[in-house]
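Here the structure comes first, spelled out in structure tokens, and everything after it is commentary.
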Amino acid sequence: MGFRFGRAAAVAAGVAMIAGAALAHEHMGDVPDTPAAKAVVARHQSFKQLGGAFKAIFDELKKDAPDKAVIRANAQKMNALAGQEASWFPKGTGPEAGVKTDAKPEIWSDPKGFAAAVQKLQTETAKLQQVSVGGDVAAIKAQVQATGGACKGCHDKFRVPDKD
């Protein structure tokens, strides 16, 4: 039984949300040539990298013999990106920037709540990086779940839901 059943659905949902967020913004069309618009585009690209790294880890964990080096490299990448996340949302880069964004206004109207959500992701990605170095696949799987939960917590409050 193990990882592929039960908790895997929760992890898959987290991965799908991250990957979906990244892919939803891949085709942004014409973007105004303003600092705010450029910041929104950079934010989308950063989330695409974060989602890609998380998906790479998840894909490895589905294998009978996960490549621990791939997991370590992507956990390190996720942790580095999470450390930058707070800077991806400067004032003026919400919908008023003139670029499609799924960032809710609550990011700027509830800065303490958003900072707490970002801190939670940073804590969980740091733990993921740490356990990936140890190579214990069970511990990595457990931490992937916690990391996905941090992603979901932020998405639930600070990101416009995907339209099905």
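The values are calculated or read from the model by the stated rules, or taken from the named source; none is laboratory data. Just so you know, these numbers come straight off a predicted model, no measurement behind them. As a convention, Cβ positions derive from the backbone with ideal geometry for all residues, glycine included, and neighbour counts pool all protein chains shown.
Any chance the range 123-138 includes a residue that's at pLDDT 95 or above, surrounded by 14 or more Cβ atoms within 10 Å (Cβ to Cβ) and more than 17 Å from Met78 (Cα to Cα)?
There is at least one residue in the range 123-138 that is at pLDDT 95 or above, surrounded by 14 or more Cβ atoms within 10 Å (Cβ to Cβ) and more than 17 Å from Met78 (Cα to Cα).
Here is a check on your reading of the model: is Ala97 under 30 Å from Val31 (Cα atoms) and within 13 Å of the chain's Cα centre (by Cα)? Talk me through it step by step, then tell me what you get.
Values: under 30 Å from Val31 (Cα atoms): yes; within 13 Å of the chain's Cα centre (by Cα): no.
So Ala97 fails the test.
Here is a check on your reading of the model: is Lys68 closer than 14 Å to Ile140 by Cβ, surrounded by fewer than 14 Cβ atoms within 10 Å (Cβ to Cβ), modelled with pLDDT of 95 or more and among the basic types (Lys, Arg)?
Details: closer than 14 Å to Ile140 by Cβ: yes; surrounded by fewer than 14 Cβ atoms within 10 Å (Cβ to Cβ): no; modelled with pLDDT of 95 or more: yes; among the basic types (Lys, Arg): yes.
Answer is no for this residue.
Looking at (1) under 30 Å from Asp67 (Cβ atoms); (2) under 15 Å from the mean Cα position of the chain (by Cα), which is the one condition that is false for Ala117?
Condition (1) is where Ala117 drops out.
Among the residues of the range 87-105, write down those that are in a helix (DSSP H, G or I), modelled with pLDDT under 95 and surrounded by fewer than 18 Cβ atoms within 10 Å (Cβ to Cβ).
So the first thing to find is which residues in the range 87-105 are in a helix (DSSP H, G or I), and the list is 87-88, 95-97.
Then drop every residue that is not modelled with pLDDT under 95, which leaves 95-97.
Pro95, Glu96, listed by residue number.
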